[in-house]
Amino acid sequence: MSTRFNIGGGIRSSGNNGRDDFLSPLLLSAAATLGASVIVQLVTPADPWGKSVRFLRQLGRQERGNLTSASDVESSVGEYERLHAQSTSVDERNSNYTNLVNSYYDLATLFYEWGWGASFHFSNRHPHESFDEATRRHEYYLSGKLNLSGALGRVGDRMRKEMNGSYVADEDGDMVKEGSTPSMARVKVLDVGCGIGGPMRNICKFTGADVTGLTLNQYQVNRGNELCHADAHFKNHNDNGLPDVRCRSVQGDFMKQPFETSSFDAAYAIEATCHAPDRIGCYSEIYRVLRPGAVFACYEWCLTDKYDANNSEHVSIKKQIEEGDGLPDIASTHHCLTALKKAGFEILEERDLVNDDYGGWQARATGAYSTSKEARKHHRGGKPWMLPLMPSWNPFTQRFQFNCFGLLLTKYSLKVMEFLRLAPAGTSRTQILLQSGGMGLARGGELGIFTPMYLMVGRVPSDKED
């Protein structure tokens, strides 16, 4: 009986016993994965089976007029891979950014919603905080930077001016009664790069403001509006001159926004303007559509000061993130902050939220991710933003897909689905791109060369001219 080396470097027999030895771990892993999914389905609210059924149903609909960039998924993957080929320059990707972004989100949106939820962004998790709780806190924190109370005051001033006096006039003249301010639903907020609207709907519920989401991808617009109309919470039931629904998605390019000048009271962007080919141009368009005194707050994807363009690993990680996440290029924190100022905003606040204390493995002096003995000593149960992308052998978590077996299992499961016509051709290639991007993000986070949450808050000057 002969022997030979396997891929992992071990030795196995070429006979039946060797084949059994090789297959047994795979079968055990597959059985463990299936068993874990049954347990999660029965004893937790995660509902992996229900999500999977919805995922398959949406996959089946994807090529029936729902793609923006191409007639089918396989063509869309091909165009995306062409734009990120080594022979394609950054300038060409920037000039074709609409095709790049549409190709990416045609491919990625379903996988994001299935595996991540409706909010396509990262957040650190504090001790005892669930993934969904951390996601919402991250969104609410950003909305708290928008000074919506000040925006409401300016709305009231405009209404009084339009009505030639006070709309809350009292017979006594001195008494101020309940209802003396307009409804928060009259404050118009813009979500720049809204995806399918998870943050938009959460922030609308949290603040009561009217939120309009802008996204380039028509599939995302359709899906976002479907989810908005499905929730009765967003309906305006009073006949008070307000829209029927308090939040909605609109198709458009944030480099050339389809809105009138000075039409919004506040704006925010969550990990979205990283797709822009020109940050000054992007921020200038946001500045244009905001009223005087309005605040814009965003979380930006950026390279940090730790990134070294002469370090081959750093360059490789940067390329992985760009390819796996539909980016023409990744800008530095300095570049983004300078661009915001050049666009006309007064800078109110900026910092990298990655280094805020969240009770995780962090260097005490800097807040940076660390696995040192000192960092482990002060760990209180918090989890870093990139943890969901780091490999694990625990089949109860989505991190299982990033280990060597999970990568193969996902790839070949999707290939089987393609063969059975349950998924469009090209679906497995899409997942490979996304997983590669996820691994780049995880490694970039570990090294501290990349951040998905560089906070910038800017205000439009009160003397802005329309």
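Scanning the stretch 219-240 for residues that are in contact with a helix residue (DSSP H, G or I) (Cβ under 8 Å, 6 or more places away or on another chain) and within 22 Å of Trp116 (Cα to Cα) gives Tyr219, Gln220, Arg223, Gly224, Leu227, Cys228, Asp231.
Only one entry in Leu447, Leu422, Leu441 is surrounded by fewer than 20 Cβ atoms within 10 Å (Cβ to Cβ) and modelled with pLDDT of 90 or more, namely Leu447.
Against the conditions (1) open to solvent by less than 20 Å² (accessible area, probe 1.4 Å); (2) small (Gly, Ala, Ser); (3) closer than 21 Å to Cys274 by Cα, Ser436 satisfies every one except (1).
Which of the following residues is crowded, with 19+ Cβ neighbours inside 10 Å, in a strand (DSSP E or B) and of a type outside the set (Lys, Arg): Tyr299, Tyr307? Quick ask: steps written out before the conclusion?
Values: Tyr307 fails: in a strand (DSSP E or B).
Exactly one residue qualifies, and that residue is Tyr299.
Taking the listed residues Gly367, Gly344, Gly381, the one that is more than 30 Å from Asn94 (Cβ to Cβ) and in contact with a Pro (Cβ under 8 Å, 6 or more places away or on another chain) is Gly381, with no other qualifying.
Would you please name the residue that is farthest from Cys282 (Cα to Cα), looking only at residues in the stretch 183-201 that are of a type outside the set (A, V, I, L, M) and surrounded by fewer than 22 Cβ atoms within 10 Å (Cβ to Cβ)? In this case the residue turns out to be Ser183.
In the stretch 247-296, the residue that is nearest to Val192 (Cα to Cα) out of those that are part of a loop (DSSP other than H, G, I, E, B) and of a type in the set (Gly, Ala, Ser) is Ala272. For the stretch 366-404, a residue qualifies if it is over 21 Å from Met453 (Cα atoms), free of Cβ contacts under 8 Å to residues at least 12 places away in the same chain and open to solvent by less than 30 Å² (accessible area, probe 1.4 Å), and exactly one does: Ser392. Within the stretch 179-212, being among the aliphatic types (A, V, I, L, M), under 17 Å from the mean Cα position of the chain (by Cα) and assigned to a loop (DSSP other than H, G, I, E, B) holds for one residue alone: Ile196.
Please verify whether Ser332 is of a type in the set (Gly, Ala, Ser) and without any contact (Cβ under 8 Å) to a residue 24 or more places away in the chain, treating the condition exactly as stated. Before the answer, list the steps.
On the way: of a type in the set (Gly, Ala, Ser): yes; without any contact (Cβ under 8 Å) to a residue 24 or more places away in the chain: no.
It is false that Ser332 is of a type in the set (Gly, Ala, Ser) and without any contact (Cβ under 8 Å) to a residue 24 or more places away in the chain.
Exactly one residue out of Glu322, Glu285 is without any contact (Cβ under 8 Å) to a residue 40 or more places away in the chain and open to solvent by less than 40 Å² (accessible area, probe 1.4 Å): that is Glu285. Among the residues of the stretch 233-280, those that are small (Gly, Ala, Ser) and under 24 Å from Gly324 (Cα atoms) comprise Gly252, Ala269, Ala272, Ala276.
For the stretch 225-239, the set of residues classified as surrounded by 10 or more Cβ atoms within 10 Å (Cβ to Cβ) and either without any contact (Cβ under 8 Å) to a residue 12 or more places away in the chain or not hydrophobic (A, V, I, L, M, F, W, C) (or both) consists of Asn225, Glu226, His229, Asp231, His233, Lys235, Asn236, listed by residue number. Of all the criteria given as (1) open to solvent by 50 Å² or more (accessible area, probe 1.4 Å); (2) on the phi < 0 side of the Ramachandran plot; (3) in a loop (DSSP other than H, G, I, E, B), the one not satisfied by Lys464 is (1). Scanning the stretch 246-261 for residues that are open to solvent by 20 Å² or more (accessible area, probe 1.4 Å) and more than 18 Å from the chain's Cα centre (by Cα) yields a total of 7. Taken together, the residues in the stretch 89-145 that are open to solvent by 40 Å² or more (accessible area, probe 1.4 Å) and either more than 30 Å from Gly359 (Cα to Cα) or in contact with a Cys (Cβ under 6 Å, 6 or more places away or on another chain) (or both) amount to 8.
Please specify each residue of the stretch 362-378 satisfying the condition of being assigned to a loop (DSSP other than H, G, I, E, B) and either at pLDDT 90 or above or more than 19 Å from His128 (Cβ to Cβ) (or both). Before the answer, list the steps.
First, pick out the residues of the stretch 362-378 that are assigned to a loop (DSSP other than H, G, I, E, B): 363-368, 370-372, 378.
Selection gives Ala363, Arg364, Ala365, Thr366, Gly367, Ala368, Ser370, Thr371, Ser372.
Number of residues in the stretch 388-417 that are within 21 Å of the chain's Cα centre (by Cα), in a helix (DSSP H, G or I), of a type in the set (A, V, I, L, M, F, W, C) and at pLDDT 80 or above equals 1.
The values are calculated or read from the model by the stated rules, or taken from the named source; none is laboratory data. Quick caveat: nothing in here was measured; it's all calculated off a predicted structure. For neighbour counting, all protein chains shown are included, and Cβ atoms are generated from backbone atoms with ideal geometry for every residue, glycine included. Protein only, heavy atoms only, side chains kept; ligands, DNA and RNA dropped before computing areas. Shrake-Rupley method; radii C 1.70, N 1.55, O 1.52, S 1.80 Å.
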